[in-house]
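First up is the structure itself, then whatever we jot down about it.
Bear in mind that the values in this text are calculations on the coordinates, not laboratory data. This structure is a prediction, so every number in the text was calculated from the model and none was measured. Cβ sites come from the backbone with ideal geometry, for glycine too, and all protein chains shown count toward neighbours.
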Amino acid sequence: MPTRIFINAVYFIAAFLFILGLKRMSSPVTARRGIMWAGAGMVLAMLVTFAWPGMNNYLLMIIALAIGGGVSWWSGGIVKMTDMPQMVALYNGMGGGAAAAIAAIEFSRGEMHGATARVLAVLGGFIGTVSFSGSLVAFAKLQGIMRKTLHLPAQNAVNVVLAALTILSGISIVSAVQASTFPIIVFFALAFTLGAIATMPIGGADMPVVISLFNAFTGLAVGFEGYVLNNPALIIAGIVVGSAGTLLTQLMARAMNRPLINILFRPITGEAQAGGTAVAGTMKDISALDAAAMLRYAQKVIIVPGYGMAVGQAQHKVKEMSQLLGEAGVEVKFAIHPVAGRMPGHMNVLLAEAGVPYENIFDLEEINSEFSQTDVALVIGANDVVNPAARTDKSSPLYGMPILNADQAHNVIVIKRGKGAGYSGIENALFYADNTRMVYGSAQQVVADIIRSVKELLEG
Ligand code: NAP
């Protein structure tokens, strides 16, 4: 009994650290420390579990921790920032799989008491398995392992039938006096297939939202299995992950103006991507020297970074350029769209890493009204988040998504490698506008050229 009190007290501290960590992660200034706090909570919860009464598989636990910890330490060190979404999908899928494994083991042991525990075990097993297989498909798609988007003829009907069959087999497990192996295997096989089949048609810009949804599922599944194991740390961690994942999913869906129901049941297809009014006109390109002159002699510049800045690893050069312009008397601000890049906060993380002062970075709502009084909007590797079709073209799949009003600046300079479309695959009229000039090349190289030219202008 005293051991249980001690364990629960440590779990309480761990839960406090999770929540404190999460709170601190909500600002780039404190995010790094937040991750450390939450990590410390994780380690504490893990260590004290060794003292759990009846725990005797120490060797197995240590081997599992060494393998899991080793693989994640190594992969976390080598993953590129642009590959982060698939990394999150993979880790998250493992969480769902672990929750499902708890349910499977508890059922096969046949020692589960009480209807509530049995129902929650089935629910956790269901949600965890869907999250596991769905996250694996998401990983395979984002990693380029699965290139095709598989869309079954009556996709939604297939999903509904599979979900109904899974629920029925779950009910049969709950109501059985002693669950036998076969129904348990059928239940998990059905849930696994449902997760994979339902994720296959989803693609493009919807993918990060689905990953976040599976993240919320995993949290929920872990919370349910925590109840089954009577483990308060799992219940709290599950609830925290589940609610944070749900909020993040809502935030992304709202920022893209794509209701979750459409993301899941009406995926953007090639047909929809071809939608939207055709863009007329030509793109007008200028040299890095011309761009440097426009920036050097501007009074106010707003930089709009996007996915291309991340791919080009240009954040350090961008910071150097903004500092140089600032020293030359130009007012420079950064405008961040909530879904710029490939995950929420992607641009904030990169700019923070490069040392751009936080007070120069502004969210969409804070800065959108300033574009019309800005001499130059400098768009670096961003596309969908500045596409005016979202505001004006009802036939565009982007219609309704809030965008940064870069087109309202007196002049727009766009840095990108060529005529490539954005993540949504849709043409961008901004690039053809009269006040827009293109500077072609990879972001890092172009910004380095601009820095050199600005220095020459300042010296000469
Ligand atoms: P984007 O629409 O994907 O456009 C990125 C642009 O960068 C491309 O047009 C590409 O054109 C250019 N580019 C690629 N590599 C480059 C390089 N090395 N140097 C310079 N330019 C380069 O990006 P975005 O404007 O950031 O929009 C994000 C998209 O992701 C949106 O559609 C959003 O809905 C979606 N999404 C994001 C999140 C999130 O949480 N952030 C979540 C869900 C969906 P070139 O090929 O011509 O260079």
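Couple of notes before you dig in:
- Helical contribution to [θ] at 222 nm, DSSP H n ≥ 4, -39,500 (n - 2.57), averaged over the chain, rounded to 500: -19500 deg cm²/dmol
- For Lys317, the lysines whose Cα falls under 25 Å of its own Cα, not counting residues fewer than eight places away in the same chain, are Lys80, Lys284, Lys300, Lys333, Lys416, Lys419, Lys455.
- Ranking of Asp393, Asp434, Asp363 by count of other Cβ atoms within 10 Å, fewest first: Asp434, Asp363, Asp393
- Each Cα pair under 8 Å and six or more residues apart adds its separation to the average, and for the chain the resulting relative contact order is 14 percent.
- Ile127, Ile171 arranged by Cβ crowding within 10 Å, fewest neighbours leading: Ile171, Ile127
- Protection-proxy order for peptides 436-444, 156-164, each taking the mean of Cβ atoms within 10 Å per residue, highest first: 436-444, 156-164
- Taking Trp52, Trp37 and counting other C-beta atoms within 10 Å, the order from fewest to most: Trp52, Trp37
- Cβ-Cβ FRET estimate between Ser180 and Leu289, R0 fixed at 56 Å, reported to 0.05: 0.15
- Given R0 = 56 Å, the distance between the Cβ atoms of Ile5 and Ala154 translates into a calculated FRET efficiency of 0.50.
- Förster radius 30 Å - calculated FRET efficiency between Asn56 and Thr116, Cβ distance, rounded to 0.05: 0.65
- In nm, spacing of pseudo-spin labels at Lys23 and Gln299 (7 Å Cα→C-beta vector): 4.4
- For Lys148, the aspartates and glutamates whose Cα comes closer than 16 Å to its Cα, not counting residues fewer than 8 places off in the same chain, are Asp206, Glu271.
- Magnitude of the charge dipole, the chain, Cβ model with Lys/Arg +1 and Asp/Glu -1, debye to 20: 740
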